[in-house]
1. For ILE116, work out the one condition from (1) open to solvent by 10 Å² or more (accessible area, probe 1.4 Å); (2) within 14 Å of ligand 2 (Cβ to nearest atom); (3) out of contact with any Cys (no Cβ under 6 Å at 6 or more places or on another chain); (4) among the hydrophobic types (A, V, I, L, M, F, W, C) it doesn't fulfil.
2. Pairs needed: first member in the range 155-169, hydroxyl-bearing (Ser, Thr, Tyr); second member anywhere, near ligand 1 (Cβ under 10 Å from one of its atoms); C-beta distance under 9 Å; at least 6 residues apart or different chains.
3. Given the criteria in contact with a His (Cβ under 8 Å, 6 or more places away or on another chain), surrounded by 15 or more Cβ atoms within 10 Å (Cβ to Cβ) and part of a helix (DSSP H, G or I), does GLY131 qualify?
4. Scanning the range 193-224 for residues that are part of a loop (DSSP other than H, G, I, E, B) and of a type in the set (Gly, Ala, Ser), which turns out farthest from ASP269 (Cα to Cα)?
5. Restricting the search to the range 47-82, which residues are more than 17 Å from HIS295 (Cα to Cα), without any contact (Cβ under 8 Å) to a residue 40 or more places away in the chain and not hydrophobic (A, V, I, L, M, F, W, C)?
6. Inside the range 146-160, can you point out the residues that are open to solvent by 20 Å² or more (accessible area, probe 1.4 Å) and closer than 18 Å to ASP80 by Cβ?
7. Report, by residue number, each residue of the range 84-104 that is within 13 Å of ligand 1 (Cβ to nearest atom) and in contact (Cβ under 8 Å) with a residue 60 or more places away in the chain.
Amino acid sequence: MSAGIAAEADELEQYFEETVARDRRIEPRDWMPDAYRRTMIRQIAQHAHSEIIGMQPEGNWVTRAPSLRRKAILLAKVQDEAGHGLYLYSAAETLGADRADLTDRLITGKQKYSSIFNYPSLTFADVGVIGWLVDGAAICNQVPLCRSSYGPYARAMIRICKEESFHQRQGYELLMTMMRGSDAQREMVQDATNRWWWPSLMMFGPPDADSPNTEQSMRWRIKRHTNDDLRQRFVDMTVPQAEVLGVTLPDPDLRWNEERQHYDFGQPDWAEFRRVISGNGPCNTQRIANRRAAHEAGAWVRDAAAAYAAKRERASRTGAVPPALRGEVRATREGGAHECP
Ligand SMILES: [Fe+2]
Ligand SMILES: [Fe+2]
């Protein structure tokens with residue numbers, strides 16, 4: 001490397017460091033270190049995969065929701081999660097990632113998604129508890145990401161967080177309704193809480209002492225708080241909600257610590273966490289098999305969309321309108337409400 005190029009590289013790096021240190025955003029066209037780009041792609045892709053795989057445990061209940069109202073709410077929520085996945089894949093694309101490649105990494109097990117979605121949803125109370133605890137933990141994790149140093153990710157997170165807080169409230173409202181119902185319904189809520197509590201705590205990742213990348217991520221401002229800090233926030237936020245709901249959180253060590261002004265709580269089973277993230281949780285195989293089947297079954301949609309885009313491109317280049325597009329052009333000229341058929 002010549003002295004001139006080396007000086008320029010130093011300058012770019014310094015500009016990057018200063019931008020991050022001043023809490024300003026890095027945008028897609030800005031220079032960034034390769035390691036930052038790689039880390040951001042991995043973080044955003046894992047987040048996108050989690051949103052998409054996260055549709056499955058609740059999607060499982062769409063056809064069996066107990067009323068039309070509950071079905072409509074659940075359908076809207078699951079659809080929101082698909083939208084979150086799509087914004088996030090788009091954010092990863094701004095870093096040069098290829099969406100087909102990311103999907104391939106997900107279905108071949110090369111990239112991970114949140115361990116929580118490898119647990120089964122056994123009763124309809126699970127739908128409420130997932131909204132309350134899983135979306136609740138997602139909010140604690142994601143609100144600080146609205147200030148991520150990577151601009152497209154930070155902006156996607158603002159909208160996502162608004163929708164996640166709606167999800168949390170719908171889950172809590174469902175549980176409140178069940179708690180006002182029969183003994184059997186109250187037992188279902190307690191049972192679902194018992195099963196989801198510890199996996200929810202695992203959503204914040206391993207204890208700080210076992211999280212070697214935290215320091216670099218904090219310096220790059222792509223992580224704003226440590227795993228243990230976020231876990232504590234979640235526990236502090238959730239315990240009073242459990243009291244209002246009338247359920248018991250399954251942790252004998254859970255108690256208010258007057259001196260710390262926080263709740264003390266027990267540790268999840270970290271051996272189980274490692275088993276689940278390495279592919280041996282109760283539903284890993286099924287989740288990936290479903291995702292793979294959906295991807296394969298959707299191949300014709302991708303082919304049709306690509307053929308349609310190519311046709312439009314040709315038409316705009318030559319000025320000729322192929323027969324397949326004539327109706328659309330007429331509708332647009334006549335003031336049709338939509339652009340695409
Ligand atoms: Fe989401
Ligand atoms: Fe959500």
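The values are calculated or read from the model by the stated rules, or taken from the named source; none is laboratory data. Keep in mind that what you see is a predicted model, and the values were worked out from it rather than measured. Methodologically, a virtual Cβ is constructed for each residue, glycine included, from the backbone with ideal geometry; neighbour enumeration extends over all protein chains shown. Ligands, DNA and RNA are excluded from the accessible area calculation, which covers all protein heavy atoms including side chains. Shrake-Rupley method; radii C 1.70, N 1.55, O 1.52, S 1.80 Å.
1. (1) is the only condition that ILE116 fails.
2. Listed pairs, sorted by first residue: SER165/ASP135; SER165/ILE139.
3. So GLY131 passes the test.
4. So, considering only residues that are part of a loop (DSSP other than H, G, I, E, B) and of a type in the set (Gly, Ala, Ser), the one farthest from ASP269 (Cα to Cα) is SER211.
5. First pass over the range 47-82, keeping only residues more than 17 Å from HIS295 (Cα to Cα): 47, 57-58, 60-78, 80.
Adding the requirement that they be without any contact (Cβ under 8 Å) to a residue 40 or more places away in the chain leaves 62-63, 67-69, 71-72, 75-76, 78.
Answer for the range 47-82, where residues must be more than 17 Å from HIS295 (Cα to Cα), without any contact (Cβ under 8 Å) to a residue 40 or more places away in the chain and not hydrophobic (A, V, I, L, M, F, W, C): THR63, SER67, ARG69, LYS71.
6. Matches in the range 146-160: CYS146, ARG155, ILE158, ARG159.
7. Selection gives HIS84, TYR87, LEU88.
Per-residue answers, yes or no, for (1) among the basic types (Lys, Arg); (2) open to solvent by less than 40 Å² (accessible area, probe 1.4 Å):
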site	(1), (2)
ASP10	no, no
TYR15	no, no
ILE26	no, yes
ARG29	yes, no
ARG38	yes, no
MET55	no, no
ARG69	yes, no
TYR89	no, yes
